[in-house]
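Peer 1: Sharing a structure, written as structure tokens. Questions coming.
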Amino acid sequence: MRYLGPMLKPTSTHWGNYRVEAENGRILAVHGYPEDLDPTPLAQNLLAALDPQARVAQPAVRAGYLKNPEGRTGEGRGQEEMVPVSWDEALKLAAAALERTRQRHGNPAIYGGSYGWASAGRFHHAQSQIHRFLNCIGGCTRSVHSYSAGAAEVIVPRVLGMDFFQAMFQAPTLEDIAEQARLVVCFGGLALKNTQVMSGGLGGHDARTQLRALASRGIRFVNVSPIREDLPEFLAGEWWPIRPCSDAALMLALAHVLVTEELCDRDFLARCTVGLEQFLPYLLGETDGQPKDCRWAAALTELDAERIRALARSMARQRTLIGISWSLQRSEHGEQTYWLATVLGALLGSHGLPGAGVAYGYGSMHNIGFSGRRLPNFAVPALPQGVNPVKQRIPVARIADILLRPGQPFDFNGRRVQPPEIELVYWAGGNPFHHHQDLNRLCRAWAKPQTIIINEPFWTATAQRADILLPATTPLERDDLGITSYDCRFTPMRQAVPPFQEAWDDHAIFAALAERLGVGAAFAEGRSAMQWLRHLYAELRGNASAAGVRLPPFAQFWAGEQISLRDQLPDRAFRLEEFRRDPEGAPLDTPSGKIEIHSQAIAGFGCDDCLGHPAWFPKQEFLGSPRSRRFPLHLVSNQPKGRLHSQYDHGPASQAHKRAGREVLRMNPEDAASRGIRKGDLVRVFNDRGECLAAAEPSDDLRPSVAELPTGAWYAPVQPGGLDSSGNPNVLTRDAGTSKLAQGSTAHSCLVQVERWSGGGVQPTPRAASRSRNAVGEQPVQR
Ligand SMILES: Nc1nc2c(c(=O)[nH]1)N[C@H]1C(S)=C(S)[C@@H](COP(=O)(O)OP(=O)(O)OC[C@H]3O[C@@H](n4cnc5c(=O)[nH]c(N)nc54)[C@H](O)[C@@H]3O)O[C@H]1N2
Ligand SMILES: Nc1nc2c(c(=O)[nH]1)N[C@H]1C(S)=C(S)[C@@H](COP(=O)(O)OP(=O)(O)OC[C@H]3O[C@@H](n4cnc5c(=O)[nH]c(N)nc54)[C@H](O)[C@@H]3O)O[C@H]1N2
Ligand SMILES: [Mo]
């Protein structure tokens, strides 16, 4: 074997830690660590990191903006040429726009929500950098919560009294499940494709290995999902092909059986919950004349009433784990499923029992459940962001609303939000023209602000829609720390290649802007990037030491490979275990200190789309709704198998899941046949919001009337507002909040129609479709 030692640079990505083989500024291969049992093919996307067709080589300014920087020319975004300029010119324009906006309109007119996953790496984390910078110049309007789990982040703390992420990372461990559970009911499945990813980095993928170990345990798995392969085949589970967005009805019916057949855990309910008596009249149909029984649920879910009844009985008789993926709350009234799963766990009395209760977000990312009881037991430092003097906060997925309807108040989590007029948008580390719903509407909203500044390594659809575009580096081009609170392995991230052409780190960009705006010292605190790494590491080591965990000195860590803290960490006690043992002594952080089956606080908000108890609400985008007569297929736009969101859509792992550069739309064979669609046909997917092209693939893995088009293809309309040639489902999805309570994203609620495309020769966009030109761009993972 060749000796590779010094050429291998350790790095960390949201899809795992790797060693990158690089030479003379080229990336030759990406190697998994031997201790990573199942390194993901996603790693190979890094081979496309330096693709000159996809990278932004130098700063660029939109032609109309360059001519008239103070004008209102936003309509030209995405259509006018991006003119290459010098860094000096670009920074001068950006600093002037920031200063002008502050002077004329005040800091709230700057939107710095800047949502997005950016890259792993603690110091060069784009969100930390942009927020620190904007706080240094007086702050900005920011966003709260995530696209991932907007509804859960509001409802779970209110009814379970735990921060959603805290609840999530205390999911029952696989060891406990193996020992204790007899039945695992997975709402939204337990999709291995999603466990490739762990936000902030991951030292080893072993979800598959851990799940395989369950396969021989005789545990019954139920996969409640429109898509069969959401549960790994080797678990030999039952597939319950539920009608999308009807899970709340199924959960209500399960609750109805538990209550009417007296299968509830009365002791747990009395000790650990409040509000059952306010929920029962609704559940039993006394308030609205409709008992939420199995027959009622069968009609909504298209599942068999007797099987639902039998499942409820089994759940009561055997130790049962309820898994609920995040997808269930990224839909209309998404709060209800998370509340109802919590209520089911309460009725069963299973919260806080080992291997049972509810796993929130099971299968949505790797370390939910699969990290066991060990995660760092000390604070992992990040770049301090300072204080934002602007107190304005908007729910993240309402971005188009605030741009289109400034000043128009709306409800959010029990208060009224009055969005300010936004004059300047600054985005670093996210791709709204990937992640937001109803992209044609976003295009209209995006035309409104006076200035839009973007830091971005790649020519994404968002980069193409900037006024001032500043080319950023990727982690392979800089030094960083791969440290996170969500994994037991830390890694030095040593620069593998020089920055691509004129790209700068976000830190360098903001430091230069801070200088120009007179806050250079406050932003950089006199430290170089390497001094910041040492500074953060010293803090990390101090925190670890206080918790009894030894980390090597910086020089040793920096020169080495990823380290594992696992053996030094204690097993965590889970909050719900403590609460169950002693509800009075270790109360939950709800108003009652208990699990709230009815919430007085939520009832007090008076929302018509989220009551004081969980409930079923009719949906607009739902098979069988009036709208489904025009658009008879339900589109699931789930997470892609071959990439993280839109990142490296041009990379080899992403391209491997496409067909001739097109995103693949899967649909049930009957739905395909009735439309004359065969495998590989080009199809037009459309509704009244937009249209896109995809390559069709009939598949038995999808239930009838459901189609699947994963997210992340680089949006490429053939003309403004027109047909998207890349297959980005967000031209079709609905841009409306889950409810007045959480205002989360509802990406999974979407009806469409599909037809064979006869329009001929629309080419996939060259940038998104181009494969890496890197001469050695296609090497497999080597271990
Ligand atoms: N239809 C539909 N839409 C969805 C979803 C869905 O289920 N269905 N899911 C939603 C969810 S859960 C999420 S989390 C969002 C994800 O949405 P995003 O997080 O916005 O998606 P990413 O593609 O990860 O975008 C990150 C961007 O940051 C850039 N980047 C990477 N590193 C750096 C860096 O160091 N500096 C800078 N300046 N930029 C960098 C990348 O090139 C990329 O363009 O999408 C949401 N959208
Ligand atoms: N490979 C890969 N993994 C990822 C990501 C990625 O981009 N790529 N992104 C990460 C991020 S940011 C997030 S937030 C998580 C998201 O994690 P999830 O929200 O769990 O992911 P999805 O893939 O959107 O949905 C999981 C499955 O739920 C099913 N589903 C959809 N609608 C319904 C419904 O109404 N009822 C039921 N019962 N099932 C339904 C779909 O069949 C889908 O495959 O994934 C993370 N993991
Ligand atoms: Mo997400």
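The values are calculated or read from the model by the stated rules, or taken from the named source; none is laboratory data. The structure presented is a predicted model; accordingly, all values stated were derived computationally and were not measured. Ideal geometry is used to build each Cβ from the backbone, glycine not excepted, and the neighbour counts take in all protein chains shown.
Matching residues to (1) at pLDDT 95 or above; (2) closer than 30 Å to Gln196 by Cα; (3) in a loop (DSSP other than H, G, I, E, B):
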| residue | (1), (2), (3) |
| --- | --- |
| Asn45 | yes, yes, no |
| Tyr65 | yes, no, no |
| Gly71 | yes, no, yes |
| Glu80 | yes, no, yes |
| Lys92 | yes, no, no |
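Peer 1: Within the stretch 387-397, does at least one residue satisfy the condition of being part of a strand (DSSP E or B) and surrounded by fewer than 24 Cβ atoms within 10 Å (Cβ to Cβ)?
Peer 2: yes
Peer 1: For the stretch 203-212, name all the residues that are part of a loop (DSSP other than H, G, I, E, B) and more than 16 Å from Ala171 (Cβ to Cβ).
Peer 2: Gly203, Gly204, His205
Peer 1: Moving on. Taking interchain pairs and intrachain pairs at least six residues apart, which have beta carbon atoms under 7 angstrom, with the first residue in the stretch 56-68 and of a type in the set (D, E, K, R) and the second in a loop (DSSP other than H, G, I, E, B)?
Peer 2: Cβ pairs passing all conditions: Arg62/Arg77; Arg62/Glu80; Arg62/Ala466; Arg62/Asp467.
Peer 1: For Thr484, only one of the following conditions fails: (1) under 22 Å from the mean Cα position of the chain (by Cα); (2) surrounded by fewer than 22 Cβ atoms within 10 Å (Cβ to Cβ). What is its number?
Peer 2: For Thr484, the failing item is (2).
Peer 1: Do we find that Phe187 is under 22 Å from the mean Cα position of the chain (by Cα), surrounded by fewer than 22 Cβ atoms within 10 Å (Cβ to Cβ) and not polar (S, T, N, Q) in this structure?
Peer 2: Criteria not met by Phe187.
Peer 1: Pick from Ala341, Ala356: which is more than 16 Å from ligand 2 (Cβ to nearest atom), modelled with pLDDT of 95 or more and more than 18 Å from the chain's Cα centre (by Cα)?
Peer 2: Result: Ala356 is the single residue among Ala341, Ala356 that is more than 16 Å from ligand 2 (Cβ to nearest atom), modelled with pLDDT of 95 or more and more than 18 Å from the chain's Cα centre (by Cα).
Peer 1: Which one is nearest to Glu81 (Cα to Cα), of the residues in the stretch 461-498 that are touching a helix residue (DSSP H, G or I) at 6+ places or on another chain (Cβ under 7 Å), touching a residue at least 40 places away in the same chain (Cβ under 8 Å) and β-branched (Val, Ile, Thr)?
Peer 2: It comes out as Ile468.
Peer 1: Looking at the stretch 496-603, what helices (runs of 4 or more DSSP H) fall wholly within it and have at least 2 residues that are under 30 Å from Tyr282 (Cβ atoms)?
Peer 2: The helices (runs of 4 or more DSSP H) meeting that bar are 575-581.
Peer 1: A follow-up question, please. Looking at (1) touching a helix residue (DSSP H, G or I) at 6+ places or on another chain (Cβ under 8 Å); (2) near ligand 2 (Cβ under 9 Å from one of its atoms); (3) part of a helix (DSSP H, G or I), can you tell me which one Arg243 breaks?
Peer 2: Tallying (1) touching a helix residue (DSSP H, G or I) at 6+ places or on another chain (Cβ under 8 Å); (2) near ligand 2 (Cβ under 9 Å from one of its atoms); (3) part of a helix (DSSP H, G or I), Arg243 fails exactly one: (3).
Peer 1: Sort out which residues of the stretch 207-225 are crowded, with 20+ Cβ neighbours inside 10 Å, touching a residue at least 40 places away in the same chain (Cβ under 8 Å) and in contact with an Asp or Glu (Cβ under 8 Å, 6 or more places away or on another chain), and write them in order of number.
Peer 2: Listed by number, the residues that qualify are Ala207, Val222.
Peer 1: For the stretch 376-414, which residues satisfy the criterion of being in contact with a Leu (Cβ under 7 Å, 6 or more places away or on another chain) and under 30 Å from Ile563 (Cβ atoms)?
Peer 2: Pro376, Asn377, Val380, Pro381
Peer 1: Looking at the stretch 125-138 only, could you name the residues that are within 11 Å of ligand 1 (Cβ to nearest atom) and more than 20 Å from Ala43 (Cα to Cα)?
Peer 2: Within the stretch 125-138, Ala126, Gln127, Ser128, Gln129, Ile130 qualify.
Peer 1: Sticking with this one: Could you list, in sequence order, all residues of the stretch 667-680 that are surrounded by 21 or more Cβ atoms within 10 Å (Cβ to Cβ) and not small (Gly, Ala, Ser)?
Peer 2: Passing the criteria: Met667, Asn668, Ile677.
Peer 1: May I pose another question? Tell me which residues, restricted to the stretch 305-326, are within 16 Å of ligand 3 (Cβ to nearest atom) and in contact with a strand residue (DSSP E or B) (Cβ under 8 Å, 6 or more places away or on another chain).
Peer 2: Correct list: Ile324, Ser325.
Peer 1: Pairs please, first residue from the stretch 652-673 and under 19 Å from Pro729 (Cα atoms) and of a type in the set (S, T, N, Q), second anywhere and at pLDDT below 95 and part of a loop (DSSP other than H, G, I, E, B), Cβ atoms under 6 Å, 6+ apart in sequence or on different chains.
Peer 2: Gln655/Arg771
Peer 1: Among (1) surrounded by fewer than 21 Cβ atoms within 10 Å (Cβ to Cβ); (2) within 16 Å of ligand 2 (Cβ to nearest atom), where does Gln79 come up short?
Peer 2: Answer for Gln79: the failing condition is (2).
Peer 1: Check every one of the helices (runs of 4 or more DSSP H) wholly within the stretch 124-176 and list those with 2 or more residues that are out of contact with any helix residue (DSSP H, G or I) (no Cβ under 7 Å at 6 or more places or on another chain).
Peer 2: 126-136, 164-168
Peer 1: Considering each of Gly759, Gly777 in turn, give the residue that is at pLDDT below 95, closer than 27 Å to Arg629 by Cα and over 23 Å from the mean Cα position of the chain (by Cα).
Peer 2: Gly759
Peer 1: In the stretch 240-273, what residues are under 16 Å from Val224 (Cβ atoms) and hydrophobic (A, V, I, L, M, F, W, C)?
Peer 2: Trp240, Ile242, Cys245, Ala248, Ala249, Leu250, Met251, Leu252, Ala253, Leu254, Ala255, Val257, listed by residue number.
Peer 1: Name the strands (runs of 3 or more DSSP E) wholly inside the stretch 637-739 in which the number of residues that are within 27 Å of Thr301 (Cα to Cα) and away from ligand 1 (no atom under 14 Å from the Cβ) is 3 or more.
Peer 2: It comes to 664-667, 691-698.
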